[in-house]
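Undergrad: Below you'll find the structure I mean.
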Amino acid sequence: MADSLVTPTRYRGAIQILIALTLANLLGYAARNALFSAYADLRLRFPVDDADLGLLTTAFMLGQAIITVPVGWAGDRFGRKPVIAAGLAMAGAAGLAGALSNGLLMLVISRVFVGVGCAVIVPISNSVLSQLFDGPQKASRIAVFNLGMFVGGGVGFALGATPGYPTVLLLIGAPTIALALYLSRLAIPAVDVHADAQPLARGIGAVFIGVGRVMRRPALPWLLAAATAMSFAAGGLQAWLVEFLKREKHLTEKQAQGLLAAALVAGLAGVIVGARVGDRWRRSARAGRVTSIALAMGLAAPMLAVCIVIPPGPGLYIGGVVGMFFLSWYHAPLAATVHDLVPPEQSVMAQAVVIFAMHSIGTAPASWIVGIISKYNNLTFAMWVPTSAIAVAALLMMVTARVMRNAPAV
């Protein structure tokens, strides 16, 4: 597309949009992680066990997953700015309602609607940023957006611990509504809708038409499967990491939060390094970004496996930090690769299809499954499930890279 590159006159506007979308990602992940370190408060407020606590995250992720593909269709058809602004407003309002919950059921329902609102953030943002910063350094620019994920995740953990539930939901919900209003005033670029995309305007069947189109791309099903395995791993580990460190490794709250903070810093570094390595590898090989993800997952799996079996000490810290560094590589190269695999008019839909699979099959059930296994066995045994998924993701990414090398270019 002629307007897909950032020219000097548009650079300031592009950076402004990048910052706003990064803040949206920050608030979205803060909302997602807000209750992970508030389990003690929730146990005091409601009669819950491990399975119930895992269900809270599953409710959020199911809400996010269910609406993701319709968001892709709506973003491509009606415009990306109104869709993301409306979604953020819903997420903020639902978060405020969750703070006022008088029972577990009401809190679960509020988490569903927070997830529904947050569903707009990643597919819309990945599409907008891939358009604004199209070129050989695309993943490196998208990495800035993904920094919001790790900073936001850390903010959610911190606020969940202090001041805890329910205040944490108020502190995240109100700024989310304010950001929705701000985004509605930005000059987010539109997408050209080609003639062959017009059937997307016709009824609910348009969603299935859009999904079918993007899934015909040869490498996309394999990429989707690998991404789903990675998101399952990330979801299970994030939801139960602090609890695992305190319950199974017998760390104090301060020690567990310290290791978490170090892991989040490593994750931030991993996003930046993974994006740069993926972009550099892409210059010499069409499947370079995917190959870099496969390498990172192959290194992350054994490091995190070591963390499960070794006692507390320097090895636990080193394994956790290094493992999180490599686990975080995939975010920006994955989004850039999805954009590379489809025509521009299918960009939001393609991002949405991948994210839908990641959340509905991967992240959404992960925390609940780990919680159920922990309830009937123990948390150490349960943590092997997401860790094994990382190794599966590495193998699937290798297959994706091979298919990309043999498939025709878009």
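Undergrad: Write down the Å³ per residue value for the convex hull defined by the alpha carbon atoms of the stretch 71-114.
TA: In the stretch 71-114, the Cα hull volume divided by residue count equals 49 Å³.
Undergrad: Taking Cα pairs under 8 Å and at least six residues apart, what relative contact order does the chain come out at, in percent?
TA: After rounding, I find 27 percent.
Undergrad: Can you give the helix-only mean residue ellipticity at 222 nm for the chain, where every DSSP H stretch with n ≥ 4 adds -39500 (n - 2.57) and the sum goes over all residues, rounded to the nearest 500 deg cm²/dmol?
TA: Mean residue ellipticity, 222 nm, calculated: -26500 deg cm²/dmol.
Undergrad: Can you pull a Stokes-Einstein diffusion coefficient for the stretch 1-122 at 20 °C (1.002 mPa s), Rh from Kirkwood over Cα pairs, as a whole number of µm²/s?
TA: 136 µm²/s
Undergrad: List the residue ranges in the chain for DSSP H helices whose C-alpha atoms run 18 angstrom or more along the long axis and whose Kyte-Doolittle average is 1.0 or above.
TA: 80-99, 104-118, 138-161, 167-183, 288-309, 314-327, 384-406
Undergrad: Could you pull out every one of the lysines with an alpha carbon less than 23 Å from that of Lys249, ignoring same-chain neighbours closer than 8 positions?
TA: Partners within reach: Lys375.
Undergrad: Which net charge results for the neighbourhood of Leu105, defined as the other residues with beta-carbon distances under 12 angstrom from its beta-carbon, given Lys and Arg at +1 and Asp and Glu at -1?
TA: Values: positive: Arg111; negative: Asp52.
Charge balance in the 12 Å sphere: 0.
Undergrad: With a cut-off of 16 Å, note down the residues of the stretch 221-239 whose backbone N falls inside the zone around a label point 7 Å from the Cα of Trp384 toward its beta carbon.
TA: none
Undergrad: Separate question: Return the whole-Å distance between the Cα centroid of the stretch 57-102 and the Cα centroid of the stretch 326-356.
TA: 19 Å
Undergrad: Which residue, Arg80, Arg282, Arg45, has the most motion in a Gaussian network model of the chain that connects Cα atoms within less than 10 Å?
TA: Arg45
Undergrad: Less than 10 Å Cβ to Cβ from Met61, Lys/Arg counted +1 and Asp/Glu -1: what total charge do the surrounding residues give?
TA: With Lys, Arg at +1 and Asp, Glu at -1, the net is +2.
Undergrad: Give the peptides 270-281, 369-380 in descending order of average Cβ contacts within 10 Å, highest first.
TA: Answer by packing, highest mean first, reads 270-281, 369-380.
Undergrad: Still on this structure: Rounded, prolate or oblate: pick one for the stretch 311-389, where a ≥ b ≥ c are the square roots of the eigenvalues of its C-alpha gyration tensor, a/c under 1.5 means rounded, and failing that, prolate if a/b is larger than b/c, else oblate.
TA: Oblate.
Only the coordinates and a few stated rules stand behind these numbers; no lab work does. No experiment lies behind these values; they were computed from the predicted model shown. Cβ atoms come from the backbone with ideal geometry, glycine included; neighbour counts cover every protein chain shown.
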